[in-house]
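The next block holds one structure in the form of structure tokens; read it before the comments.
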């Protein structure tokens, strides 16, 4: 899984409802409602529960991080863009900072948004990605 935070904690999705967990990943609740409606349909809720079950299988101990990750990603020597949401309440910014510090050619961009930037800030994420690739 990911990297262990040095400050803060990774939100425990098993202490709250799936709906509350997904909502917590959006800084803009209007964007959540635009994508999923105020109350997602049963099929969406079932999909989230299946995903939560898989997370349990692969990321339970230690919870959502791998102690080897900081050592393993030092081998990533290609330019790497790490994009983090300023209002990410699921995984703290300290994780993004650790990724950036561990990879020798990594750049960290922090933008307004939550955990699900690909859904919430897709245009800004695409712009950053295109700019990063063009500069390389």
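The values are calculated or read from the model by the stated rules, or taken from the named source; none is laboratory data. As the structure is a computational prediction, the values presented were derived from the model and not from experiment. Here Cβ is always computed from backbone atoms with ideal geometry, including for glycine, and neighbour counts include all displayed protein chains.
The listed residues are 29, 4, and the only one of them that is free of Cβ contacts under 8 Å to residues at least 24 places away in the same chain and in contact with a helix residue (DSSP H, G or I) (Cβ under 8 Å, 6 or more places away or on another chain) turns out to be 29. If the condition is being out of contact with any helix residue (DSSP H, G or I) (no Cβ under 6 Å at 6 or more places or on another chain), surrounded by 10 or more Cβ atoms within 10 Å (Cβ to Cβ) and without any contact (Cβ under 8 Å) to a residue 60 or more places away in the chain, then segment 55-76 contributes 55, 56, 59, 60, 62, 63, 71, 72, 76.
Looking at residue 118, is it closer than 28 Å to residue 31 by Cα, touching a helix residue (DSSP H, G or I) at 6+ places or on another chain (Cβ under 9 Å), in a helix (DSSP H, G or I) and touching a residue at least 12 places away in the same chain (Cβ under 8 Å)? So residue 118 does not fit the description; no.
Any chance segment 92-99 includes a residue that's assigned to a loop (DSSP other than H, G, I, E, B), at pLDDT below 95 and closer than 16 Å to residue 4 by Cα? No, every residue in segment 92-99 fails to be assigned to a loop (DSSP other than H, G, I, E, B), at pLDDT below 95 and closer than 16 Å to residue 4 by Cα.
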